Amino acid sequence: MKKAYIFVAVILIIIIGVVLATRKKSTTSTSSTKSASSASSISSAKKVDACAVFTLADAQSVLGVNAKKTEGASANTESSTARVSTCNYNDGSASADEQTVTILARSSSGNDVAKNAFEAAEPDGAQTITGYGDAAYYSSSYGQFDVVKNNVWLIISAGPSVPSQRDVSSAEQVAKIALSRI
């Protein structure tokens, strides 16, 4: 159970870092390009809730009938250019080989803002994945599947709580479900 809390804490730290880094990059981009899509506010863009695009029922279909939302499972943050929503589930086993799903949805003020943030965060060695949204990649180092569709960037971690033990197939299953609701 402590591993799950540590995992969630690490994910939240990564999220905050990505949001701050992309917010700074978006602000620079907006001031230099003054494009309509970059300058618009998040209030006029589609906002996505991570727990709505991948529900507990979905988690139970992926992780098993005992799946549950983890304590402190969802969090939402909003700035003038982005809204970040997270949702976390586990298989209910509380064992060392516990299976988890974490989904982060970052809704941006425009498609270009989302795509730029997505591309800027792509880690070295990430594998390009086709057939999902507008663009997608999988990082085996982070055990993380990233996909951007329109103004929404999803970051999905699915499988064992240890990133190096995950494979792309579990995250792809989650992505198919979540993308169908965007």
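Values in this text are rule-based calculations from the coordinates and carry no lab data. All values reported here derive from a predicted model rather than from experimental measurement. Cβ: placed from backbone, ideal geometry, glycine included. Neighbour counts: every protein chain shown.
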Label-point separation in nm, residue 124 to residue 52, each point 7 Å along Cα→Cβ:
4.0 nm
Just to be sure I understand the model, the point goes 7 Å from the Cα along the line to the Cβ. What's the resulting residue 181 to residue 60 distance in nm?
1.4 nm
